[in-house]
């Protein structure tokens with residue numbers, strides 16, 4: 001098998017749909033996912049010499065994407081804190097058009113709930129449930145032990161369910 005640059009780039013090109021799905025799971029937005037994929041591909045091409053032939057290219061790319069996402073999330077938090085102060089000065093209002101689209105509401109609720117999950121849970125959930133990676137493959141992609149994948153996945157599923165269908169408050173009778 002040719003391991004030259006053209007083969008490396010060809011493998012990356014074939015992986016783009018998978019990377020876009022993972023990016024969308026992390027970011028919650030198709031546009032932001034495309035930006036993340038572009039940044040990850042650029043970094044991968046720049047750092048091609050660091051890729052170890054014989055290892056999983058998708059795991060390497062998922063790790064690059066997660067690292068970029070975490071770095072960007074930290075930057076966004078700083079900007080969001082600043083913007084929150086501005087929002088108090090200039091509040092905005094608008095109508096929520098999702099009311100007339102029940103199917104879109106369900107998808108939006110799941111996507112929004114997933115976006116509210118802790119980043120470590122969101123990444124595991126996306127790799128296992130959306131990308132179909134095994135626990136071992138997800139562990140390799142995220143550079144964590146398989147047991148951690150299992151516990152994060154269980155936690156992610158429980159949190160997601162609680163966000164979509166909150167349990168009744170304790171102390172109330174039904």
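Every number in this text was worked out from the coordinates using simple rules, so none of it is lab data. As the structure is a computational prediction, the values presented were derived from the model and not from experiment. Using ideal geometry, Cβ is built from the backbone for each residue, glycine included, and neighbour counts are taken over all protein chains shown.
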The range 114-134 scanned against label point 7 Å out from residue 20 along Cα→C-beta; backbone N under 18 Å for 127, 130-132
Simple SL model, points at 7 angstrom along Cα→Cβ for residue 111 and residue 162; separation in nm is 2.5
